[in-house]
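Each remark here refers to the structure printed beneath this line.
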Amino acid sequence: MKKSLCVILSIIMILTTLCIVPFSVSAKEIDEDLVVLSSDGDFGYYPIDDGKIAIYGYYGNEAVVDIPTTIDGYTVAEILEDSFYYCENLQTVNVPKTVSLIETDAFYGCFNLTAVNVSADNKDYSSQNGVLYSKDKTELVYYPSGKTDTSVTILDGVVTICEKAFAHCENIKKITFSSSVKYIEYDAFYYCLN
């Protein structure tokens, strides 16, 4: 009897503890059941707050994708990790002014992607020759893996080369760093075999 009571009390204590532990959701922990498919069927998105959404997936097959400023009446604010996962036909992505976050690996496996172009009105990102930078160009965020350049010179003023910025850029054989580069984040040159 004592043993049974002890087991029951232990279970109650564990269940009570689980009920009071704070819970939060990050982009990495999104419940896929909450992802909404856009009315045109091209994008999966997740509501984040104040009428804003995060793109969770692209399901089209276009070579050029113009990410809209709004989808189904919601402002597109974020592009999450793996949003364009292995979109093999994708060659160009045009990012609108409303996007304030592009996660690492948003374009993972897009081996034919040669340009990520950002609206000049975007407050957080910029682009030059199809390469994605922070607005002030102090961070090189993403160098499309489909570019065919064999030699790259990092812009003067770039301080940080972001995580997986050059992932799968197998054509590059030489990179010239400007003296402004101070930080190279983890896996910045992931699968750069040359």
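Rg and Dmax of segment 73-194, Cα atoms, in Å?
13.6, 45
What is the local net charge at I67, summed over the other residues whose Cβ is closer than 13 Å to its Cβ (Lys, Arg +1; Asp, Glu -1)? Let's see the in-between values first.
Values: positive: K97; negative: D40, D42, E62, D66, E78.
Residues close to I67 contribute a combined charge of -4.
Looking at segment 55-134 only, what percent of DSSP beta bridges run antiparallel? Nearest 5 please. Spell out each step's value before the answer.
Working: 6 of 16 bridges.
Of those bridges, close to 40 percent are antiparallel.
Extension gain N61-Y186, at 0.36 nm per residue separation less the Cα-Cα distance, in nm?
On the way: separation 125, 0.36 × 125 = 45.00 nm, distance 3.11 nm.
In short, 41.9 nm is gained.
Calculate, in nm to one decimal, what D33 and D49 gain on full extension: separation in residues at 0.36 nm each, minus their alpha carbon distance. Before the final figure, lay out each step's value.
Numbers: separation 16, 0.36 × 16 = 5.76 nm, distance 1.73 nm.
Gain on extension, D33 to D49, equals 4.0 nm.
Could you point to the residue in G109, S119, V152 farthest towards the positive end of segment 90-155's charge dipole, with +1 and -1 charges on the Cβ of Lys/Arg and Asp/Glu respectively?
Positive-most Cα among the choices belongs to S119.
Values in this text are rule-based calculations from the coordinates and carry no lab data. This is a predicted model, so every value here is computed, not measured. Every residue, glycine as well, gets a Cβ built from its backbone with ideal geometry; the counts of neighbours run over all protein chains shown.
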